[in-house]
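Please read the structure below before turning to the comments.
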Amino acid sequence: NVTPALINKCVVCHPVNAIKVPIERFELENYHVVLYFPDAGAMKRYSDSFKGYDTLYGEKTRNWDTGEITGLEIKGNISKQDKEVVILMIDDICSYGGTFYYSSKALKEKYPNVKIYSYATHTENVFPRLDLAMDEGVIEEHFTTDSYLGSTKYTHPKITILC
């Protein structure tokens, strides 16, 4: 509550409302929606808001000297469905895109026939690995808010700014 009061023209957009936009689109297209949280922090922040969905999460191994992700294990399962599966990866911030890149690679390895999308509330415009994942077709589309990208000239045909 303090931060918006200190910033002129600040609009508070709860991330759950933005995350619901792609979920509703996928459900209208008759996909089975699975939510993926790349770490325990994201799972704690968001999972209670999306009860009733299959959820997966990642346990990352990181080189703390370089910040690089050195391994990732996918936890959880997708229930058997008659529908095509879409996985929406959800996190609060995307700086370089490494979490989304390595998560999408691990998800594709475990579930080769799924479509993978990503969402980050705050996406900076220096994300070479997210670009790489979208350009390689591993991530179909990235959703974000205009907390940063909306104020820059950066565009990518697979990025959708929600609010």
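The values are calculated or read from the model by the stated rules, or taken from the named source; none is laboratory data. All values derive from a computational prediction rather than experimental measurement. Here Cβ is always computed from backbone atoms with ideal geometry, including for glycine, and neighbour counts include all displayed protein chains. In case anyone asks, the SASA skips ligands and DNA or RNA and just uses the protein heavy atoms, side chains included. Shrake-Rupley method; radii C 1.70, N 1.55, O 1.52, S 1.80 Å.
A simple spin-label model places the labels of Glu136 and Ser79 3.2 nm from each other, with each point 7 Å out along Cα-to-Cβ. Charging the Cβ of each Asp and Glu at -1 and of each Lys and Arg at +1, and nothing else, the dipole of the chain about its Cα centre rounds to 220 debye.
Grab the other residues whose beta carbon is less than 11 angstrom from that of Glu141, score K and R as +1, D and E as -1, and report the net.
+2
Since only Ala42, Asn125, Val86 are under comparison, the one whose Cα sits farthest along the positive direction of the charge dipole of the chain, derived from C-beta charges on Lys, Arg, Asp and Glu, is Ala42.
Potential lengthening of the chain between Lys51 and Tyr111 amounts to 19.4 nm, from the contour at 0.36 nm per residue minus the alpha-carbon distance. Computed with a 1.4 Å probe over protein heavy atoms only, the accessible area of Tyr96 comes to about 140 Å².
Quick one: accessible area per residue over the chain, 1.4 Å probe, rounded to a whole number of Å²?
On the way: 9150 Å² over 163 residues.
Per residue, the chain has 56 Å² of solvent-accessible surface.
Candidates Asn17, Tyr96, Gly71 compared by Cα position along the dipole of the chain: farthest toward the positive end lies Asn17, with charges placed on Cβ.
With both bridge residues required to lie in the chain, what share of the DSSP beta bridges run antiparallel, to the nearest 5%?
Working: 6 of 30 bridges.
Expressed as a percentage, antiparallel bridges in the chain total about 20.
Computed extension length for Tyr96-His122: 8.2 nm, one decimal, from 0.36 nm per residue of separation with the Cα-Cα distance subtracted.
Which loop trypsin sites (Lys or Arg not before Pro) in the range 31-67, with loop taken from DSSP, have no more than 16 other Cβ atoms within 10 angstrom of their Cβ? Before the final figure, lay out each step's value.
Numbers: sites: Lys44, Arg45, Lys51, Lys60, Arg62; in loops: Lys51.
Answer in residue order: Lys51.
Summing charges over all other residues whose Cβ lies under 12 Å from the Cβ of Ile116, with Lys and Arg as +1 and Asp and Glu as -1, gives +1. Per-residue ellipticity at 222 nm computed for the chain from its helices equals -8500 deg cm²/dmol, with DSSP H segments shorter than 4 residues left out and the rest contributing -39,500 (n - 2.57). Across the range 82-126, C-alpha contacts under 8 Å between residues 6 or more apart give a mean separation that, scaled by the residue count, equals a relative contact order of 61 percent.
Using a simple spin-label model with pseudo-atoms 7 Å out from Cα toward Cβ, Trp64 and Ile7 lie 3.0 nm apart. Here each label is just a point 7 Å from Cα along the line to Cβ, and for Leu28 and Thr155 those points are 2.3 nm apart.
Run the numbers on the range 6-163 and let me know its relative contact order in percent, using alpha-carbon pairs under 8 Å that are six or more apart. Relative contact order comes out at 19 percent. Between Asp131, Asp48, Asp91, the GNM of the chain built on Cα springs shorter than 10 angstrom shows Asp48 fluctuating the most. In the chain the longest region clear of GluC sites (Glu not before Pro) that are loop-assigned by DSSP and have at most 14 other C-beta atoms within 10 Å covers 85-135.
Using 0.36 nm per residue and subtracting the Cα-Cα separation, the extra length available between Asp146 and Cys163 on full extension is 5.5 nm.
Near Phe26, once Lys and Arg are set to +1 and Asp and Glu to -1 for all other residues with Cβ below 14 Å from its Cβ, the sum equals -3. The reciprocal of the average 1/r between distinct C-alpha atoms defines the Kirkwood hydrodynamic radius, which for the chain equals 16.3 Å.
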